[in-house]
Structure formats: C-alpha cells, structure tokens
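The values are calculated or read from the model by the stated rules, or taken from the named source; none is laboratory data. No experiment lies behind these values; they were computed from the predicted model shown. Positions of Cβ are backbone-derived with ideal geometry, glycine not excepted, and every protein chain shown enters the neighbour counts.
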Amino acid sequence: MNGSQPSIENLQLLTQLSDAELQSVLLEGVSRTFALTIPQLPEKLYPAVANAYLLCRIVDTIEDEVSLSAEQKMHFCSTFIEIVKTGQGAEIFANELAPLLSEQTIPAEHSLIHLIPRVIAITHSLDAAQIDALACCVETMAGGMPVYQALDLHAGLKTMKDMDNYCYYVAGCVGEMLAKLFCHYSPQIDAHRDELLKLSVSFGQGLQMTNILKDIWDDAKRGVCWLPQDIFTETGFDLADLTPETDDARFRLGLEHLISIAHSHLQNALTYTQLLPSHETGLRNFCLWALGMAVLTLKKIKQNLNFNESNQVKISRNSVKATIIACKLSARSNWLLSLLFDTTSKVLTSPDWQYLPKSHTGQ
C-alpha cells in the first residue's frame, strides 16, 4: 500500500457512518467548495446532489490519474457508466481500480474509490428520475472526457467550438443534471424546464472557463493548454509559443476576449438563478455562491492580465465570506441580484468584443 492510500481502520470507520454523514465527509475531503455549497440545498435535494458530485469526482479521478494509460481510462470510464446505470459490479470495479492509483491522487480520492460500492448503493436508493439524471450526466462526462486524453494539447484547442464542447463534457452536462434534479424537486421550477436546461449548460461553461483561465499557467507547466487558438489567431498570437514566461500584449488581448465570453455565460447563470422561485433561497444561494466567486475570480484575472501563477488571482477568504453575505442579503430579489452582478462585473466586458454564447444541445 502506498502512502496515499487510506488505512483499513479509516475505511472501516467511514463505512460505519450513515449515508448522509458519509457523503458529507467524502465531499469535505474532495471539494471544500461543494462541501460548503451543497448543504445550502433543501433537505430533499441534498442526498442526490451530494451523490452526483461524488460520481463526477470518481470520473475526474480516473481522468486525472497519471498511472493509467489512455486505454485503461477508457475502460474504467465505460465500465463506470454501466455501474451507475445498473448498480451492479461496483465492488469488482473498486477492487480493480484502487490499487492502480498513484500517490499523486489525494488520500480523500483514494478513500472515495475504495468506497465506490457504498456510493453506488446510495445512488440506487434515490428516486428513478434522480438516478436517470445522474446516470445521463456520468455517461456524457465519462464518454466525452477520454477523447481529450489522446489530443496533443500543448498548443491549445483549435477553435472556440472545441472549447465549448470540452466545457460541456466536464461542466455543462453537470448543469443539465442539476436542472433536471431541481425540476424533479419542484413543479414550479419544472414549469421553466426547457429554458433552465439551455441556460444550465451556459452556467456550467461560465464556471469551467473561469477555472481554465485561472489555471492557465499551472496547466502550461504540464504542457497542457485548454485555450482556443482561433481566438488568439485574431490577435496574432500562436498558443504553441505559450510558456510560463510569456509576456505578450497579443496574448493578453486574447485573454480579455475569453474573459468577456466567460462573463456572457455568467450573465446566463444569473438569468438561470432568477428563474428559480424567490422563496427557494437555499437553491438560489447554491447557485449564487458559485456565480459570485466566479465573477470575483474573473475580475481578478482582468485586473491582473500579466499574472503567471493561479495563486495571484485566487480570491481571498474574506472575499468568499463577503460573497456569501451579499448573496444571502439579496437572494430573494431579482432586482438586487441584477444590480449586484452588474456592479461587480462591469469591468469584465470588452467593448470591441461582443459574444453571445449559444446553448450546447448535447452530443
């Protein structure tokens, strides 16, 4: 057993927890952000959304594991799709995957992989409509993400459409799943189902683009770039020349364009949130906290276009706290939310670059 693997004693302690306690502990280990936001949801939604995030994190863990070949990742992803759909074979799957994880995978993810049988059992304790939403998301994510393992990404993606597709596989489909879960939870929300499903993809893309822009230089150090070349072709910069030492006005101009695009997606995220009933403050805060932190991160990037490390544009704990307070105070008022969004994000638009994101319809 390598040093990152959980001890048998720790795993036994985890298995003794209730379903709600186990999901809470696992979430805290793999994502502090979601461990903070998911508990804001109504009690009837928490189990499904917490479980959904853990399922997605399992797919992420497979994709990020450096010890697995592209073929192995394809195998584990396709097998996991069937496990989520059927609820069968989880123990064999976990026993096959867990020993292959390297020390670069964090201990909490090692624990999550070991506990896949329990996570899948929770999945199949949910309502049929919820299971279907989760399985559809996992199938899209686990089917789409391995495609990018075979690409040479040192010079970025070819087009903005390629970036749209990538963001759909890793985040847009999650947005769709959440919209389905919200509609299942509330007939009042379900009345806006079609519009919410379209906006949810844009919501996910806005959050994912923010993460990509924040992590440009961390990715560059690994020889990876998720930026679209066609945006930078317009500014005269070749992404093949991008290194952590890059200091080029043409690159910064392209970066500004992408910030403007991400801002447009976050504007759709606000519209999405405003469609949710005003009395559903837990649901609204779940969306608003993620939206608010993304806007502040984009704002830091826009104000520090020459940054060369992600820590330089990471928002502070005080900013997170201020976001939470502002969202709680304005959550019930669409007018206040629009005012807050416009005031906070007014620096993000580029007057010479107008972009209206098109909703991804899936593959």
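If the condition is being surrounded by fewer than 22 Cβ atoms within 10 Å (Cβ to Cβ), assigned to a helix (DSSP H, G or I) and small (G, A, S), then segment 138-170 contributes G143, G144, A150.
Out of (1) in a loop (DSSP other than H, G, I, E, B); (2) modelled with pLDDT of 95 or more; (3) more than 30 Å from Q12 (Cβ to Cβ), the odd one out for S125 is which? Going through the list (1) in a loop (DSSP other than H, G, I, E, B); (2) modelled with pLDDT of 95 or more; (3) more than 30 Å from Q12 (Cβ to Cβ), S125 breaks only (3). I'd like to know if segment 53-67 contains one or more residues that are assigned to a loop (DSSP other than H, G, I, E, B) and out of contact with any Lys or Arg (no Cβ under 8 Å at 6 or more places or on another chain). Yes, segment 53-67 has at least one match. Of the residues in segment 250-262, none is surrounded by 23 or more Cβ atoms within 10 Å (Cβ to Cβ), of a type outside the set (F, W, Y) and in contact with a Cys (Cβ under 6 Å, 6 or more places away or on another chain).
When the test is whether a residue is free of Cβ contacts under 8 Å to residues at least 60 places away in the same chain, surrounded by fewer than 17 Cβ atoms within 10 Å (Cβ to Cβ) and either over 14 Å from L55 (Cβ atoms) or not assigned by TED's automatic domain parsing to the domain that holds V119 (or both), S78 does not pass it. Counting only residues that are surrounded by 13 or more Cβ atoms within 10 Å (Cβ to Cβ), part of a helix (DSSP H, G or I) and of a type outside the set (D, E, K, R), segment 11-32 holds 11 of them. Looking at D194, is it without any contact (Cβ under 8 Å) to a residue 12 or more places away in the chain, closer than 30 Å to E280 by Cβ and among the charged types (D, E, K, R)? For D194, the condition - without any contact (Cβ under 8 Å) to a residue 12 or more places away in the chain, closer than 30 Å to E280 by Cβ and among the charged types (D, E, K, R) - is met. When A90, A20, A98 are checked against the criterion of being closer than 30 Å to I324 by Cα and not assigned by TED's automatic domain parsing to the domain that holds L283, A20 stands alone in meeting it. If you filter segment 331-345 down to residues that are of a type in the set (S, T, Y) and in contact (Cβ under 8 Å) with a residue 60 or more places away in the chain, you find that the one that is nearest to Q40 (Cα to Cα) is S338. On the basis of being more than 29 Å from L151 (Cα to Cα) and of a type in the set (D, E, K, R), does D64 make the cut? Spelling it out, it is not the case that D64 is more than 29 Å from L151 (Cα to Cα) and of a type in the set (D, E, K, R).
Look at A240 and say whether it is touching a residue at least 24 places away in the same chain (Cβ under 8 Å), farther than 30 Å from F182 by Cβ and either among the acidic types (D, E) or out of contact with any Phe, Trp or Tyr (no Cβ under 7 Å at 6 or more places or on another chain) (or both). Spelling it out, A240 is indeed touching a residue at least 24 places away in the same chain (Cβ under 8 Å), farther than 30 Å from F182 by Cβ and either among the acidic types (D, E) or out of contact with any Phe, Trp or Tyr (no Cβ under 7 Å at 6 or more places or on another chain) (or both). In summary, A322 fulfils each of the numbered conditions (1) at pLDDT below 95; (2) not in a helix (DSSP H, G or I) with the single exception of condition (2).
Name the single residue, out of those in segment 265-309 being of a type in the set (D, E, K, R) and within 19 Å of F182 (Cβ to Cβ), that is surrounded by the fewest Cβ atoms within 10 Å (Cβ to Cβ). Within segment 265-309, the match that is surrounded by the fewest Cβ atoms within 10 Å (Cβ to Cβ) is E280.
For residues that are surrounded by fewer than 18 Cβ atoms within 10 Å (Cβ to Cβ) and part of a helix (DSSP H, G or I), scanning just segment 199-218, find the one that is modelled with the highest pLDDT. Break it down stepwise before answering.
Residues of segment 199-218 surrounded by fewer than 18 Cβ atoms within 10 Å (Cβ to Cβ): 211, 215, 218.
In the following step, the residues that additionally are part of a helix (DSSP H, G or I) were identified as 211, 218.
On the way: N211: 94, D218: 89.
Restricting to residues being surrounded by fewer than 18 Cβ atoms within 10 Å (Cβ to Cβ) and part of a helix (DSSP H, G or I), the top hit is N211.
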